[in-house]
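Let me begin by presenting the structure, written as structure tokens, before commenting on it.
Bear in mind that the values in this text are calculations on the coordinates, not laboratory data. Only a predicted model underlies this, so the values are computations on that prediction, with no experimental measurement involved. When we count neighbours, we look across all protein chains shown, and the Cβ atoms used for this are built from the backbone with ideal geometry, even at glycine.
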Amino acid sequence: MKLASIDVGLKRIGMAICLDGSIVIPQNAILRKNRNQAARDVNIFLKEWEIEKLIVGLPKDATSSEEMERRIKHFVSLLELNIPVAYQDEQSSSIEAKELTQGIFKHKKDGKIDSIAAKIILERWLTH
């Protein structure tokens, strides 16, 4: 089953895919101008890769998690999905992504960290 995961942020959406059930590959993040453009870009991505299930990172136990959860679920509702969606706890995935890449590349706001976070979210979902 072809899987994709997204790490939805206010400025960028991290993307990762898993086409064989085991190896997760981060993709270029989607830079968010507005939610309709971002939703359109995610839809195009999912169709191009023929994704069969979408895993969405959701914050749990964070102070602002209720507000972010509402925003993330609203964003997912904008997607034109004919595939199942699963939610996965994304607690600390961005921090873990930063630690994993320390010294490998400069931490710019280009979405690399967001896509590594999406990779971590999908790996967690695969091993749960």
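Global size of the range 37-97: 12.6, 36 Å for Rg and Dmax (C-alpha atoms, Rg to one decimal, Dmax whole).
When the chain is described by a simple charge dipole with +1 on each Lys and Arg Cβ and -1 on each Asp and Glu Cβ, the residue from L54, A118, G14 located farthest towards its positive end is G14.
I'd like the FRET efficiency for H74 and I95, computed as 1/(1 + (r/R0)^6) with the beta carbon distance as r and R0 of 22 Å, rounded to 0.05. Using R0 = 22 Å, I get an efficiency of 0.35. The GNM of the chain, with springs linking C-alpha atoms under 10 angstrom apart, assigns the highest mean-square fluctuation among N82, N36, N28 to N82.
If you take every DSSP beta bridge whose two residues both sit in the chain, what share of them, in percent to the nearest 5, is antiparallel?
Working: 12 of 21 bridges.
Once the DSSP bridges in the chain are tallied, antiparallel ones form about 55 percent.
Trypsin sites (Lys or Arg not before Pro) within the range 1-90: which are DSSP loop residues with at most 10 other Cβ atoms inside 10 Å?
The qualifying sites are K33.
Structural size metrics of the chain, computed from C-alpha coordinates, are Rg and Dmax of 13.4, 40 Å. Site-free segments of the chain were taken between chymotrypsin sites (Phe, Trp or Tyr not before Pro) in DSSP loops having at most 15 other Cβ atoms within 10 Å, sites themselves excluded; the longest one is 50-104.
Roughly how big is the chain's charge dipole about its Cα centre, with Cβ charges of +1 (Lys, Arg) and -1 (Asp, Glu), in debye to the nearest 20? About 540 debye.
Within the range 66-98, report the GluC sites (Glu not before Pro) that DSSP leaves as loop and that have at most 16 other Cβ atoms within 10 Å. Can you show the working numbers first?
Values: sites: E66, E67, E69, E80, E90, E96; in loops: E80, E90.
Answer by residue number: E80.
The range 2-44: D in µm²/s via Stokes-Einstein (Kirkwood Rh, Cα pairs, 25 °C, 0.890 mPa s)? This corresponds to a translational diffusion coefficient of 228 µm²/s.
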